[in-house]
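Below you'll find the structure, written out as structure tokens, and then a few comments.
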Amino acid sequence: MSFFKKLKESIAAKTEAVTNVFKEGLSKTSSALVGKVQDLITRRKKIDEEFYEELEEILIGADVGVNTVMNLIEDLRAEVKKRKIEEAAELQPILSEKLVELLRGDANNGLAMNDAGITVILFVGVNGVGKTTTIGKLAHRFKQQGKKVLLAAGDTFRAGAIEQLEVWGQRVGVEVIKQQAGSDPAAVMYDAVHAAKQRGVDVLLCDTAGRLQNKSNLMEELNKIYRVIGREIPDAPHEVLMVLDATTGQNALSQARLFGEKSGVTGLVLTKLDGTAKGGIVVAIRQELNLPVKFVGLGEKMDDLQEFDSEQFVHALFAGLIQDAETRDNEAERKE
């Protein structure tokens, strides 16, 4: 069975709605990456040095990351030799297969939930990446699952951050624990944890300040938050999710490195993937940081924050090719 057929079958059990969200959300990246790969394969029938060079440029242009691209090209060269491939068209399914492997990794994409009580999820990331929106959408998701949710407005530094979280709280129907702007974020977390205990909350989602220019203060602040939460709920926070804006490409990777080193990040959320042709950044981040991508933002709607699924991601990118492969298979069957 061809790789594309296997990929289609592996996601057949998943809901069509989710598959469509991935397809629509990744249409720009699909056009930029897969469209150019298809064009390359059509123009250059044979696999030679110039073919590899062009493929390298296309992948780097989609922000797959230089190191990752070099390794990927080496792998493709080895496969071409091993399978004695001469036609460029035969390389498409192999490239897709390699991308699934790179994205899947060993890490678990699911959220670590606390079965014994309140699950505390902390959100970190610089201003403007869509942190508050992500918290709101995740609160909505948990509510849909029948969980009782509470929000903590821990970004007391940025003007308007508390109000922004409150707007989301009202929209989703979830209470927000807050203090005045300029208050100690750790004090907000203390209040939030106590409120969560009193109200029998299942999930506490905590916003934090996102200022990189004052990094040492920020890390001290985060450590204090960890201590306060950990004292009240052992093993908390259960997840520290770093929110990154996919449209910033390599800049998102730099932010993840800066934050990830010291802030105990356990997973990533990539927002605004629908607004960029450089969705390859998911591959670069997954490879270079060895952190699981837990969620991806694929649109403006409340349900457009989706759990990351490597097979759905690659299926959405190569949707056009999968359709072509199906047509060819059907024609071959008819001729037989």
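Computed from the coordinates by the stated procedures, all read-outs in this text should not be read as laboratory data. What you see is a predicted model; the values in this text were computed from it and never measured. Counting neighbours? That spans all protein chains shown, and the Cβs are built from the backbone with ideal geometry, glycine included.
Just need the relative contact order of region 101-188 here, percent rounded to a whole number, with Cα pairs under 8 Å and 6+ apart. After rounding, I find 24 percent. Distance from the Cα centroid of region 169-199 to that of region 217-245 is 15 Å (rounded to whole angstrom).
Ellipsoid semi-axes for the chain, based on the Cα gyration tensor and the rule √(5λ), read 42, 21, 16 Å when sorted largest first.
Could you calculate the FRET efficiency of Asp184 with Ala112 from 1/(1 + (r/R0)^6), where r is the beta carbon distance between them and R0 is 25 Å, rounded to 0.05? Efficiency computed from Cβ-Cβ geometry: 0.40. With R₀ fixed at 35 Å, the C-beta to C-beta distance from Arg43 to Asn127 puts the FRET efficiency at about 0.20.
Across the chain, the mean sequence separation of Cα contacts (distance under 8 Å, 6 or more residues apart), normalised by length, yields a relative contact order of 27 percent. Relative to the longest principal axis of the Cα atoms of the chain, the long axis of helix 250-263 lies at roughly 40 degrees.
Note on the chain: GNM, Cα springs under 10 Å; of Ala246, Ala236, Ala116, the largest mean-square fluctuation is that of Ala116. Rounded to the nearest 20, the Cβ-based charge dipole of the chain about its Cα centre (Lys and Arg +1, Asp and Glu -1) stands at 640 debye. For the listed residue pairs Lys98/Lys272; Lys5/Lys84; Lys8/Lys84; Lys28/Lys278; Lys137/Lys294; Lys23/Lys147, the alpha carbons are over 19 angstrom apart in Lys98/Lys272; Lys5/Lys84; Lys8/Lys84; Lys23/Lys147.
Each label point was placed 7 Å from the Cα along the Cα-to-Cβ direction; for Tyr52 and Met302 their separation is 5.2 nm.
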